[in-house]
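*Asks:* My structure is below; once you've seen it, I'll send some questions.
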Amino acid sequence: MKPLACLLGALLAAPAGAWAQTPAMQPLDTQARNLMWSGHTNAATHTMREYVAQHPGDQTAVLDLARYLTWNGDYAGAKRVLDAHPEATRTSEGQVVLASVLAWGGWIRAAQQVNAAPLAADPDGLLPNYTQAIALRQSARPREALPYVEAVKRARPDGKDARDLERSVRIHTDSFVALGYQRGSDSDDLVSSQPTLRAELAQGEALRWTLELGRWDYRSPLASPFASVAGGRSIAENRGLFGVRYAPSLYTELSAAVGHSSIDGDGLTPWRLGLDQRFSDSFRIDLLADHDRLAASARSVSLGLDRTGIAGHAQWTPDFNWTGDLWLRRNHYSDSNASVGWDAALRRAVVRKPGFMLDLGAITQHLSFDENPGHGYYAPDSYRRYALTVFSYVGLGENAGLSIQAGLGRQRDETFTSWRRANDINASLVVGIFSPWQLSVNAGYSERVLNTGAYEGRTWGLTLTRRF
């Protein structure tokens, strides 16, 4: 979806008679606005950047360049332009442009603070309401964006950007029902299939009810050390969880779920408790405590093993380029075993263009168990993995996209005589991003150790979602 400010800036800033001149006769800033209006975003951005370098005092051109970079998804570049020309953001128009950059970049608090004065001065204004909706749709209470969407629709009732804004907010606020299927297999000839029905029902601005139902199947060869102790090639689990998510503020979300899991009459009560807290625009944490079956293989499931764990995830985004993540987890198992694991990752935004994004980074992973009881799950004394990572997104029109994640790494545990390769790749295609019906298809391949210790694994799945 293209920010409305870009189109308005290109149209309103064009001088009278500009369209009557040949391109070679037009000033660079006029050429840039005409290119942007005709949809040539890369050329427009390059041309406007050249003009601003020659005319740094032209505040209108500076703001247009920031708009164009925002349109391209280059929020870091837009922020650098505004930081280099602080005089351009001292006007009301400049404040709206700065707020828009912050909102699109996910800095919710800062965007609202900067946008507060323009919104108060013009409560029915098109651009302040547009920016406010963009910021709030990313919060823990996205339905608070809806009044600002309505204000944009009143200001521009037949505008495409108003319709696109409404669609982009609705994907955060709508209730939905999703039917999914996920299948995995590995080099130990283990197969898992997980058909799952999920639903979320929104109630008011802060509350969502959740439901998850599934009949999951775990299979292994009869002669495998991961086979069911009850005999047979497969073992099936019926499971369901009912829960709630509540957002007491824009920056806090609490979640809880409880349910029942049954295997041939053997019952278990899985549960989850979660907290997601944004402490600032650059730092957030989420915590999860949960209890469930140890579903690593048919053997671990048939033994009735369960686990209780607590996990934490901290994310640091000091600017629009860098993202750092830290994951910690501690599990206790019903066979008196325990594990500790942590992952640390850092990535940087490298390319931001219309229809294409690319991040490069690195990750390190460590996992340790107290002992290896041989109960059908991987339990190393010291597992380590280091990898370079690639994250990319390719837009396939405004309603479909392909994301690809890959890692190139090395791994080792106490049983290895040397380091081994540990590469993986995952792809996800989404069709109907802004539509009531959405189809997601994913596939992945991994050469790193899985939950049984296998060194190769493949997964694929699809999900059909209906929003309402």
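The values are calculated or read from the model by the stated rules, or taken from the named source; none is laboratory data. All values derive from a computational prediction rather than experimental measurement. With ideal geometry, Cβ positions are generated from the backbone for all residues, glycine too; neighbour counts draw on all protein chains shown. For accessibility, only protein heavy atoms count, side chains too; no ligands or nucleic acids. Shrake-Rupley method; radii C 1.70, N 1.55, O 1.52, S 1.80 Å.
*Asks:* Just for region 265-302: of the residues that are modelled with pLDDT under 95, in a loop (DSSP other than H, G, I, E, B) and open to solvent by 30 Å² or more (accessible area, probe 1.4 Å), which one is farthest from Thr252 (Cα to Cα)?
*Replies:* Gly265
*Asks:* Would you check which residues across region 332-370 are crowded, with 19+ Cβ neighbours inside 10 Å and among the hydrophobic types (A, V, I, L, M, F, W, C) and list them?
*Replies:* Ala349, Met357, Leu367, Phe369 - these are the residues of region 332-370 that are crowded, with 19+ Cβ neighbours inside 10 Å and among the hydrophobic types (A, V, I, L, M, F, W, C).
*Asks:* If Val449 meets every condition in (1) out of contact with any Ser or Thr (no Cβ under 9 Å at 6 or more places or on another chain); (2) surrounded by fewer than 17 Cβ atoms within 10 Å (Cβ to Cβ); (3) of a type in the set (A, V, I, L, M); (4) farther than 23 Å from Arg170 by Cα apart from one, which number is that one?
*Replies:* That leaves (2) as the condition not met.
*Asks:* Right, something else. Do the conditions hold for Ala32, that is, is it surrounded by fewer than 24 Cβ atoms within 10 Å (Cβ to Cβ) and of a type outside the set (Phe, Trp, Tyr)?
*Replies:* Details: surrounded by fewer than 24 Cβ atoms within 10 Å (Cβ to Cβ): no; of a type outside the set (Phe, Trp, Tyr): yes.
No; evaluated as a whole, the condition is false for this residue.
*Asks:* Sticking with this one: Does any residue of region 121-139 turn out to be among the hydrophobic types (A, V, I, L, M, F, W, C), closer than 30 Å to Gly461 by Cβ and touching a Leu at 6+ places or on another chain (Cβ under 8 Å)?
*Replies:* The initial filter retains those residues of region 121-139 that are among the hydrophobic types (A, V, I, L, M, F, W, C), namely 121, 126-127, 133-136.
So of that shortlist, the ones also closer than 30 Å to Gly461 by Cβ come out as none.
The answer is no, given that none of the residues of region 121-139 is among the hydrophobic types (A, V, I, L, M, F, W, C), closer than 30 Å to Gly461 by Cβ and touching a Leu at 6+ places or on another chain (Cβ under 8 Å).
*Asks:* Mind checking whether some residue in region 447-465 is farther than 18 Å from Phe226 by Cβ and of a type in the set (Val, Ile, Thr)?
*Replies:* yes
*Asks:* Output yes when any residue across region 394-410 is touching a helix residue (DSSP H, G or I) at 6+ places or on another chain (Cβ under 8 Å), touching a residue at least 24 places away in the same chain (Cβ under 8 Å) and either of a type outside the set (Asp, Glu) or on the phi < 0 side of the Ramachandran plot (or both), and no when none is. Quick ask: steps written out before the conclusion?
*Replies:* Pass one, region 394-410, residues touching a helix residue (DSSP H, G or I) at 6+ places or on another chain (Cβ under 8 Å): 398.
Still in the list and also touching a residue at least 24 places away in the same chain (Cβ under 8 Å): 398.
The next check asks that each one be either of a type outside the set (Asp, Glu) or on the phi < 0 side of the Ramachandran plot (or both); those that pass are 398.
Within region 394-410 (the criterion being touching a helix residue (DSSP H, G or I) at 6+ places or on another chain (Cβ under 8 Å), touching a residue at least 24 places away in the same chain (Cβ under 8 Å) and either of a type outside the set (Asp, Glu) or on the phi < 0 side of the Ramachandran plot (or both)), the answer is yes, since at least one residue qualifies.
*Asks:* Moving on. Which ranges mark the helices (runs of 4 or more DSSP H) fully within region 115-187 that have 2 or more residues being acidic (Asp, Glu) and within 28 Å of Asp281 (Cβ to Cβ)? Full working, then the answer.
*Replies:* Numbers: elements: 126-136, 146-155, 160-173.
In region 115-187, 160-173 are the helices (runs of 4 or more DSSP H) which contain 2 or more residues that are acidic (Asp, Glu) and within 28 Å of Asp281 (Cβ to Cβ).
*Asks:* Quick one: which of Gly214, Gly204 is open to solvent by less than 50 Å² (accessible area, probe 1.4 Å), under 22 Å from Arg466 (Cα atoms) and modelled with pLDDT under 95? Show your work before the answer.
*Replies:* On the way: Gly214 fails: modelled with pLDDT under 95.
Answer to the check: Gly204.
*Asks:* Pairs please, first residue from region 97-114 and among the β-branched types (Val, Ile, Thr), second anywhere and not in a helix (DSSP H, G or I), Cβ atoms under 7 Å, 6+ apart in sequence or on different chains.
*Replies:* So the pair list comes out as Ile108/Gln138; Ile108/Ser139; Ile108/Leu250; Ile108/Asp281.
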